[in-house]
Amino acid sequence: MKNMYRHTTRFLIVIALFLVGTPLFLCLTPIPTTGTTSLYIDEDDNLDSVCIHYSKVSDHHHTWMLRLLLNVAGYSSHIRTGHYALHPSCNILSLVRQLRSGMQTPIRLTIQPVRTTHILAGELGRKLMLDSTALDQAFHDSTFCQAYTTDTSNVISLFLPNTYEVYWNISLPQLFHRMTMESKSFWNTERQEQARQIALTPNEVMTLASIVDEETANNDEKPHIAGMYINRLHAGMPLQADPTVKFAVRQFGLKRIYTHHTRTNNPYNTYLNIGLPPGPIRTPSIEGIEAVLHYTHHDYLYMCAKEDFSGTHNFARTYEEHLKNAHKYSQALNDKGIQ
(Lines give C-alpha, C1' and ligand atoms only; values in the text may rest on other atoms or scores of the structure.)
Protein backbone atom coordinates (compact mmCIF):
# COMPACT_ATOMS: atom_id res chain seq x y z
CA MET A 1 0.00 0.00 0.00
CA LYS A 2 2.85 2.41 0.86
CA ASN A 3 4.49 1.85 -2.54
CA MET A 4 1.17 2.40 -4.29
CA TYR A 5 0.59 5.60 -2.24
CA ARG A 6 4.07 6.92 -3.04
CA HIS A 7 3.61 6.12 -6.74
CA THR A 8 0.23 7.86 -6.86
CA THR A 9 1.58 10.87 -4.98
CA ARG A 10 4.58 11.11 -7.29
CA PHE A 11 2.25 10.88 -10.32
CA LEU A 12 0.05 13.72 -9.01
CA ILE A 13 3.06 15.91 -8.21
CA VAL A 14 4.52 15.41 -11.68
CA ILE A 15 1.16 16.20 -13.27
CA ALA A 16 0.81 19.32 -11.13
CA LEU A 17 4.31 20.53 -12.10
CA PHE A 18 3.54 19.85 -15.73
CA LEU A 19 0.36 21.91 -15.55
CA VAL A 20 2.27 24.87 -14.12
CA GLY A 21 3.93 25.36 -17.48
CA THR A 22 1.02 24.21 -19.63
CA PRO A 23 -2.16 26.16 -20.34
CA LEU A 24 -4.63 24.61 -17.94
CA PHE A 25 -7.53 25.12 -20.31
CA LEU A 26 -6.03 22.66 -22.81
CA CYS A 27 -6.29 19.87 -20.26
CA LEU A 28 -9.71 20.84 -18.98
CA THR A 29 -11.40 21.75 -22.26
CA PRO A 30 -14.08 19.17 -23.10
CA ILE A 31 -13.03 16.77 -25.84
CA PRO A 32 -15.10 17.58 -28.96
CA THR A 33 -17.38 14.59 -29.53
CA THR A 34 -20.86 14.13 -30.94
CA GLY A 35 -22.59 12.63 -27.95
CA THR A 36 -20.85 9.80 -26.11
CA THR A 37 -18.14 8.00 -28.08
CA SER A 38 -16.25 4.83 -27.24
CA LEU A 39 -12.57 4.03 -26.93
CA TYR A 40 -11.76 0.30 -27.08
CA ILE A 41 -8.36 -0.92 -25.87
CA ASP A 42 -7.40 -4.57 -26.26
CA GLU A 43 -4.43 -6.76 -25.39
CA ASP A 44 -2.51 -5.83 -28.54
CA ASP A 45 -2.60 -2.08 -27.91
CA ASN A 46 0.34 0.07 -26.85
CA LEU A 47 0.72 3.78 -26.15
CA ASP A 48 0.92 4.65 -29.85
CA SER A 49 -2.17 2.69 -30.86
CA VAL A 50 -4.16 4.06 -27.90
CA CYS A 51 -3.35 7.57 -29.06
CA ILE A 52 -4.36 6.65 -32.61
CA HIS A 53 -7.70 5.29 -31.33
CA TYR A 54 -8.21 8.51 -29.41
CA SER A 55 -7.41 10.72 -32.42
CA LYS A 56 -10.07 8.93 -34.47
CA VAL A 57 -12.88 9.51 -31.97
CA SER A 58 -11.82 13.04 -30.94
CA ASP A 59 -10.88 14.55 -34.31
CA HIS A 60 -7.22 14.71 -33.20
CA HIS A 61 -8.07 16.98 -30.24
CA HIS A 62 -4.67 17.60 -28.58
CA THR A 63 -3.48 14.03 -29.11
CA TRP A 64 0.06 15.21 -28.37
CA MET A 65 -1.03 16.23 -24.89
CA LEU A 66 -2.71 12.90 -24.20
CA ARG A 67 0.47 11.11 -25.27
CA LEU A 68 2.62 13.34 -23.05
CA LEU A 69 0.43 12.92 -19.98
CA LEU A 70 0.19 9.15 -20.46
CA ASN A 71 3.98 9.00 -20.80
CA VAL A 72 4.43 10.99 -17.60
CA ALA A 73 1.98 8.64 -15.87
CA GLY A 74 4.01 5.60 -16.93
CA TYR A 75 1.00 4.27 -18.81
CA SER A 76 3.04 2.15 -21.26
CA SER A 77 4.01 -0.28 -18.50
CA HIS A 78 0.44 -1.00 -17.35
CA ILE A 79 -2.03 -0.52 -20.18
CA ARG A 80 -5.55 -1.48 -19.08
CA THR A 81 -7.83 -3.13 -21.62
CA GLY A 82 -11.50 -2.28 -21.78
CA HIS A 83 -14.20 0.01 -23.10
CA TYR A 84 -13.87 3.67 -22.10
CA ALA A 85 -16.73 6.08 -22.73
CA LEU A 86 -15.90 9.66 -23.72
CA HIS A 87 -18.82 11.79 -22.60
CA PRO A 88 -19.34 15.35 -23.89
CA SER A 89 -18.05 16.71 -20.55
CA CYS A 90 -14.90 14.53 -20.63
CA ASN A 91 -11.52 16.27 -20.90
CA ILE A 92 -8.00 14.97 -21.46
CA LEU A 93 -7.09 15.03 -17.78
CA SER A 94 -10.13 12.97 -16.80
CA LEU A 95 -9.47 10.57 -19.69
CA VAL A 96 -5.88 10.02 -18.53
CA ARG A 97 -7.25 9.23 -15.07
CA GLN A 98 -9.72 6.70 -16.54
CA LEU A 99 -7.13 4.98 -18.73
CA ARG A 100 -4.47 4.83 -16.03
CA SER A 101 -6.80 3.42 -13.38
CA GLY A 102 -8.77 1.15 -15.74
CA MET A 103 -12.07 2.90 -14.96
CA GLN A 104 -13.93 1.39 -17.90
CA THR A 105 -17.61 1.68 -18.75
CA PRO A 106 -19.81 -1.43 -19.14
CA ILE A 107 -21.40 -2.11 -22.52
CA ARG A 108 -24.90 -3.33 -23.28
CA LEU A 109 -24.54 -6.79 -24.80
CA THR A 110 -27.59 -7.75 -26.84
CA ILE A 111 -27.80 -11.46 -27.66
CA GLN A 112 -29.87 -12.13 -30.75
CA PRO A 113 -31.56 -15.44 -31.60
CA VAL A 114 -29.13 -17.72 -33.46
CA ARG A 115 -29.34 -21.31 -34.71
CA THR A 116 -25.94 -22.71 -33.79
CA THR A 117 -23.21 -22.24 -31.21
CA HIS A 118 -20.80 -21.53 -34.08
CA ILE A 119 -22.87 -18.51 -35.09
CA LEU A 120 -23.21 -17.47 -31.44
CA ALA A 121 -19.44 -17.61 -31.00
CA GLY A 122 -19.01 -15.32 -34.00
CA GLU A 123 -21.59 -12.85 -32.70
CA LEU A 124 -20.04 -12.71 -29.22
CA GLY A 125 -16.55 -12.41 -30.71
CA ARG A 126 -17.65 -9.32 -32.64
CA LYS A 127 -19.21 -7.67 -29.59
CA LEU A 128 -16.68 -8.55 -26.88
CA MET A 129 -12.90 -8.70 -26.48
CA LEU A 130 -13.09 -12.47 -26.90
CA ASP A 131 -11.74 -14.71 -29.62
CA SER A 132 -14.60 -16.38 -31.52
CA THR A 133 -12.51 -19.52 -32.08
CA ALA A 134 -11.90 -19.89 -28.35
CA LEU A 135 -15.62 -19.39 -27.74
CA ASP A 136 -16.51 -22.01 -30.34
CA GLN A 137 -14.08 -24.49 -28.76
CA ALA A 138 -15.59 -23.83 -25.32
CA PHE A 139 -19.09 -24.58 -26.63
CA HIS A 140 -17.84 -28.00 -27.79
CA ASP A 141 -15.72 -28.77 -24.70
CA SER A 142 -17.72 -31.14 -22.50
CA THR A 143 -15.45 -30.61 -19.47
CA PHE A 144 -15.68 -26.83 -19.75
CA CYS A 145 -19.48 -26.93 -20.13
CA GLN A 146 -19.84 -29.29 -17.19
CA ALA A 147 -18.20 -26.69 -14.97
CA TYR A 148 -21.20 -24.47 -15.68
CA THR A 149 -23.80 -27.20 -14.99
CA THR A 150 -24.59 -27.81 -18.66
CA ASP A 151 -23.41 -29.92 -21.60
CA THR A 152 -22.47 -29.31 -25.21
CA SER A 153 -26.02 -30.04 -26.41
CA ASN A 154 -27.68 -27.58 -24.04
CA VAL A 155 -25.05 -24.88 -23.51
CA ILE A 156 -26.75 -22.58 -26.04
CA SER A 157 -29.69 -22.37 -23.61
CA LEU A 158 -27.57 -20.30 -21.22
CA PHE A 159 -27.55 -17.46 -23.73
CA LEU A 160 -31.18 -16.35 -23.67
CA PRO A 161 -31.84 -13.56 -26.19
CA ASN A 162 -31.83 -10.42 -24.07
CA THR A 163 -29.69 -7.38 -23.27
CA TYR A 164 -27.06 -7.66 -20.54
CA GLU A 165 -24.68 -5.10 -19.05
CA VAL A 166 -21.13 -6.49 -19.05
CA TYR A 167 -17.56 -5.30 -19.35
CA TRP A 168 -16.24 -5.45 -22.90
CA ASN A 169 -13.06 -7.23 -21.77
CA ILE A 170 -14.95 -9.91 -19.82
CA SER A 171 -13.03 -13.20 -19.78
CA LEU A 172 -14.39 -16.50 -21.12
CA PRO A 173 -14.95 -18.02 -17.65
CA GLN A 174 -16.50 -14.77 -16.42
CA LEU A 175 -18.91 -14.70 -19.37
CA PHE A 176 -20.05 -18.29 -18.82
CA HIS A 177 -20.38 -17.70 -15.08
CA ARG A 178 -22.48 -14.58 -15.75
CA MET A 179 -24.77 -16.39 -18.20
CA THR A 180 -25.12 -19.31 -15.78
CA MET A 181 -26.24 -16.88 -13.08
CA GLU A 182 -28.67 -15.23 -15.51
CA SER A 183 -30.09 -18.64 -16.42
CA LYS A 184 -30.53 -19.59 -12.76
CA SER A 185 -32.24 -16.27 -12.13
CA PHE A 186 -34.61 -16.87 -15.05
CA TRP A 187 -35.39 -20.40 -13.89
CA ASN A 188 -36.71 -19.27 -10.54
CA THR A 189 -38.80 -21.43 -8.25
CA GLU A 190 -42.03 -20.46 -10.02
CA ARG A 191 -40.83 -21.43 -13.51
CA GLN A 192 -39.28 -24.66 -12.25
CA GLU A 193 -42.61 -25.58 -10.69
CA GLN A 194 -44.42 -24.75 -13.94
CA ALA A 195 -42.04 -27.06 -15.82
CA ARG A 196 -42.60 -29.81 -13.25
CA GLN A 197 -46.37 -29.50 -13.65
CA ILE A 198 -46.11 -30.25 -17.38
CA ALA A 199 -43.65 -33.10 -16.70
CA LEU A 200 -40.67 -31.46 -18.43
CA THR A 201 -37.27 -30.39 -17.16
CA PRO A 202 -36.06 -26.81 -17.79
CA ASN A 203 -33.72 -28.16 -20.51
CA GLU A 204 -36.61 -29.99 -22.16
CA VAL A 205 -38.76 -26.87 -22.00
CA MET A 206 -36.03 -24.86 -23.73
CA THR A 207 -35.51 -27.57 -26.35
CA LEU A 208 -39.21 -27.62 -27.21
CA ALA A 209 -39.30 -23.81 -27.11
CA SER A 210 -36.51 -23.68 -29.70
CA ILE A 211 -38.61 -25.84 -32.05
CA VAL A 212 -41.67 -23.67 -31.47
CA ASP A 213 -39.60 -20.53 -32.16
CA GLU A 214 -38.39 -22.00 -35.44
CA GLU A 215 -41.93 -22.90 -36.48
CA THR A 216 -43.27 -19.35 -36.25
CA ALA A 217 -42.41 -15.77 -35.36
CA ASN A 218 -46.04 -15.23 -34.38
CA ASN A 219 -45.96 -15.13 -30.57
CA ASP A 220 -49.74 -15.47 -30.33
CA GLU A 221 -49.61 -18.85 -32.10
CA LYS A 222 -46.68 -20.27 -30.14
CA PRO A 223 -48.72 -21.67 -27.19
CA HIS A 224 -50.97 -23.45 -29.73
CA ILE A 225 -47.97 -25.05 -31.48
CA ALA A 226 -46.43 -26.00 -28.13
CA GLY A 227 -49.70 -27.71 -27.20
CA MET A 228 -49.68 -29.74 -30.40
CA TYR A 229 -46.15 -30.99 -29.81
CA ILE A 230 -46.90 -31.83 -26.19
CA ASN A 231 -49.93 -33.82 -27.40
CA ARG A 232 -47.62 -35.81 -29.66
CA LEU A 233 -45.15 -36.38 -26.82
CA HIS A 234 -47.95 -37.67 -24.61
CA ALA A 235 -49.19 -39.94 -27.41
CA GLY A 236 -45.71 -41.39 -27.98
CA MET A 237 -45.71 -40.06 -31.55
CA PRO A 238 -42.59 -38.67 -33.23
CA LEU A 239 -42.67 -34.87 -33.28
CA GLN A 240 -41.92 -34.79 -37.01
CA ALA A 241 -40.84 -31.17 -36.69
CA ASP A 242 -39.42 -29.86 -39.95
CA PRO A 243 -37.05 -27.39 -38.21
CA THR A 244 -35.27 -30.30 -36.53
CA VAL A 245 -34.64 -31.84 -39.95
CA LYS A 246 -33.19 -28.57 -41.22
CA PHE A 247 -30.94 -28.50 -38.16
CA ALA A 248 -29.89 -32.11 -38.69
CA VAL A 249 -28.89 -31.54 -42.33
CA ARG A 250 -27.63 -27.97 -41.60
CA GLN A 251 -29.74 -26.51 -44.41
CA PHE A 252 -31.74 -23.80 -42.68
CA GLY A 253 -33.04 -22.25 -45.88
CA LEU A 254 -34.99 -25.30 -47.05
CA LYS A 255 -38.49 -24.38 -48.25
CA ARG A 256 -39.64 -27.95 -48.72
CA ILE A 257 -38.79 -31.07 -46.74
CA TYR A 258 -38.51 -34.19 -48.88
CA THR A 259 -38.38 -37.87 -47.90
CA HIS A 260 -34.60 -38.07 -48.27
CA HIS A 261 -34.29 -35.25 -45.72
CA THR A 262 -36.51 -37.01 -43.19
CA ARG A 263 -34.43 -40.19 -43.51
CA THR A 264 -31.25 -38.45 -42.38
CA ASN A 265 -29.68 -40.47 -39.58
CA ASN A 266 -29.17 -37.81 -36.92
CA PRO A 267 -30.25 -37.58 -33.26
CA TYR A 268 -31.92 -34.23 -34.01
CA ASN A 269 -34.14 -35.69 -36.74
CA THR A 270 -37.53 -35.99 -35.02
CA TYR A 271 -38.97 -37.91 -37.97
CA LEU A 272 -36.73 -40.87 -37.11
CA ASN A 273 -36.42 -40.39 -33.35
CA ILE A 274 -39.32 -40.32 -30.91
CA GLY A 275 -39.22 -37.63 -28.23
CA LEU A 276 -37.30 -34.40 -27.98
CA PRO A 277 -33.89 -33.95 -29.63
CA PRO A 278 -30.76 -33.87 -27.40
CA GLY A 279 -30.92 -30.09 -27.01
CA PRO A 280 -32.21 -26.84 -28.49
CA ILE A 281 -31.95 -26.23 -32.23
CA ARG A 282 -31.41 -22.52 -31.58
CA THR A 283 -31.29 -20.05 -28.71
CA PRO A 284 -34.79 -20.37 -27.26
CA SER A 285 -36.63 -17.08 -26.82
CA ILE A 286 -38.31 -16.05 -23.58
CA GLU A 287 -41.60 -15.92 -25.53
CA GLY A 288 -41.04 -19.48 -26.74
CA ILE A 289 -40.26 -20.72 -23.24
CA GLU A 290 -43.36 -19.05 -21.81
CA ALA A 291 -45.42 -20.55 -24.67
CA VAL A 292 -44.33 -24.05 -23.61
CA LEU A 293 -44.87 -23.43 -19.90
CA HIS A 294 -48.34 -22.05 -20.63
CA TYR A 295 -49.21 -24.11 -23.68
CA THR A 296 -52.77 -24.19 -25.07
CA HIS A 297 -54.71 -27.31 -24.16
CA HIS A 298 -56.41 -28.77 -27.25
CA ASP A 299 -56.61 -32.08 -29.07
CA TYR A 300 -54.72 -31.25 -32.28
CA LEU A 301 -51.99 -33.66 -33.36
CA TYR A 302 -51.03 -32.20 -36.73
CA MET A 303 -50.21 -28.83 -38.23
CA CYS A 304 -49.15 -27.50 -41.59
CA ALA A 305 -48.10 -24.05 -42.74
CA LYS A 306 -50.97 -22.06 -44.18
CA GLU A 307 -51.16 -21.76 -47.93
CA ASP A 308 -51.25 -17.93 -47.64
CA PHE A 309 -47.61 -17.93 -46.42
CA SER A 310 -48.62 -15.85 -43.40
CA GLY A 311 -46.24 -17.74 -41.15
CA THR A 312 -49.13 -19.28 -39.24
CA HIS A 313 -50.56 -22.80 -39.44
CA ASN A 314 -53.62 -24.95 -40.10
CA PHE A 315 -54.16 -27.47 -37.30
CA ALA A 316 -55.81 -30.87 -37.59
CA ARG A 317 -57.03 -33.62 -35.29
CA THR A 318 -56.85 -36.46 -37.82
CA TYR A 319 -54.27 -37.50 -40.37
CA GLU A 320 -56.87 -37.30 -43.15
CA GLU A 321 -57.62 -33.68 -42.30
CA HIS A 322 -53.89 -32.97 -42.13
CA LEU A 323 -53.37 -34.41 -45.63
CA LYS A 324 -55.90 -31.94 -46.99
CA ASN A 325 -54.06 -29.04 -45.35
CA ALA A 326 -50.73 -30.36 -46.59
CA HIS A 327 -52.10 -30.61 -50.15
CA LYS A 328 -53.22 -26.97 -50.06
CA TYR A 329 -49.78 -25.85 -48.90
CA SER A 330 -47.97 -28.05 -51.42
CA GLN A 331 -50.12 -26.64 -54.22
CA ALA A 332 -49.32 -23.10 -53.10
CA LEU A 333 -45.60 -23.92 -53.24
CA ASN A 334 -46.02 -25.37 -56.73
CA ASP A 335 -47.90 -22.29 -57.89
CA LYS A 336 -44.97 -20.12 -56.78
CA GLY A 337 -42.42 -22.47 -58.30
CA ILE A 338 -40.79 -23.15 -54.92
CA GLN A 339 -38.78 -26.38 -54.99
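Per residue, how many Å² of accessible area does the chain show with a 1.4 Å probe?
52
What pairs in 127/246; 255/306; 255/328; 222/306 have C-alpha atoms more than 19 Å from each other?
Pairs exceeding the cut-off: 127/246.
Along the positive direction of the dipole of the chain (beta-carbon charges: Lys, Arg +1; Asp, Glu -1; about the Cα centre), which of 171, 305, 119 reaches farthest?
Looking along the dipole axis, the top candidate is 171.
What are the aspartates and glutamates whose alpha-carbon lies under 14 Å from the alpha-carbon of residue 56, with same-chain residues fewer than 8 places away excluded?
Those aspartates and glutamates meeting the cut-off are 48.
Over the chain, with every protein chain in place, what whole percent of the accessible area is carbon and sulfur at 1.4 Å, could you tell me?
About 52 percent, which is the carbon plus sulfur part of the accessible surface.
Roughly how many debye, to the nearest 20, is the charge dipole of the chain about its Cα centre, given +1 on each Lys and Arg Cβ, -1 on each Asp and Glu Cβ, and no other charges?
Result for the chain is approximately 800 debye, rounded to the nearest 20.
Give me the angle, in degrees from 0 to 90, between the Cα long axis of helix 117-127 and the longest principal axis of the Cα atoms of the chain, rounded to the nearest 10.
The angle comes out at about 30 degrees.
Divide by every residue of the chain the summed helix terms, -39500 (n - 2.57) for each DSSP H run of at least 4, and state the resulting mean residue ellipticity at 222 nm, rounded to the nearest 500 deg cm²/dmol.
Computed ellipticity for the chain at 222 nm equals -15000 deg cm²/dmol.
For a quick protection proxy, order the peptides 189-200, 111-122 by their average other-Cβ count within 10 Å, most packed first.
Ranked by mean Cβ neighbours within 10 Å, highest first: 111-122, 189-200.
Quick one: which of 320-333, 281-294 comes out on top by average Cβ neighbours within 10 Å, and what's the full order, highest first?
So the order, starting with the most tightly packed, is 281-294, 320-333.
With the crude spin-label approximation of a point 7 Å out along Cα→Cβ, what separation in nm comes out for residue 141 versus residue 260?
So the two model labels end up 4.0 nm from each other.
Treating the angle as unsigned and between 0 and 90°, give the value, to the nearest 10°, between the Cα long axis of helix 319-335 and the longest Cα principal axis of the chain.
Taking Cα atoms only, the helix is inclined about 60 degrees.
Farthest toward the dipole's positive end in segment 158-275, which of 199, 273, 189, given Cβ charges of +1 (Lys, Arg) and -1 (Asp, Glu) about the Cα centre?
273
On a 0 to 90° scale, report how tilted helix 222-235 is relative to the longest principal axis of the chain, with both axes built from alpha carbons and the result rounded to the nearest 10.
50
The values are calculated or read from the model by the stated rules, or taken from the named source; none is laboratory data. Just so it is clear, the structure is predicted and the values come from calculations on it, not from any experiment. All Cβ positions, glycine included, derive from the backbone under ideal geometry; neighbour counts span all protein chains shown. Note: areas computed on protein heavy atoms with side chains; ligands, DNA, RNA excluded. Shrake-Rupley method; radii C 1.70, N 1.55, O 1.52, S 1.80 Å.
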